[in-house]
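What follows is a set of notes on a single structure, which appears directly below.
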Amino acid sequence: MVKINIEELLKKKGKTKYWLCKQMNLTSRNLNRIIRGETTAISFRYIEEFCDNLNCTPNELITIDTNIQKEYLNI
């Protein structure tokens, strides 16, 4: 399963979700949906903005958790 590491990256920077919402002009509801994996797609624009604001690479922002994926697929 794809995991978006926004909360971990915010914690490393000492920033809040509120700060990120203001930086990106994003609603807290939409940010929380992205964090919880309740969205089906994220635009490249958002990925770029997340990386710019969190000073990270897409590889640090997005990871694949194989344990969750195995549980989801019942493997």
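Figures for the structure shown
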read-out	value
Within the chain, helix-based [θ] at 222 nm, where runs of 4 or more DSSP H residues each add -39,500 (n - 2.57), nearest 500	-16500 deg cm²/dmol
Selected from L10, S43, P58, residue furthest toward positive end of dipole (the chain; charges at beta carbon)	L10
Scattering curve values for the chain, log₁₀ I(q)/I(0), Debye with Cα scatterers, q = 0.14, 0.18, 0.19 Å⁻¹	-0.45, -0.71, -0.78
Eligible lysines near K3 by straight Cα distance, threshold 21 Å, same-chain separation 8 or greater	K11, K12, K13, K15, K17, K70
For the chain: relative contact order, % (alpha-carbon pairs under 8 angstrom, 6 or more apart)	48
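Just so you know, all these numbers are worked out from the coordinates, no wet-lab data involved. From a predicted model like this one, the values you see are computed outputs, not experimental measurements. With ideal geometry, Cβ positions are generated from the backbone for all residues, glycine too; neighbour counts draw on all protein chains shown.
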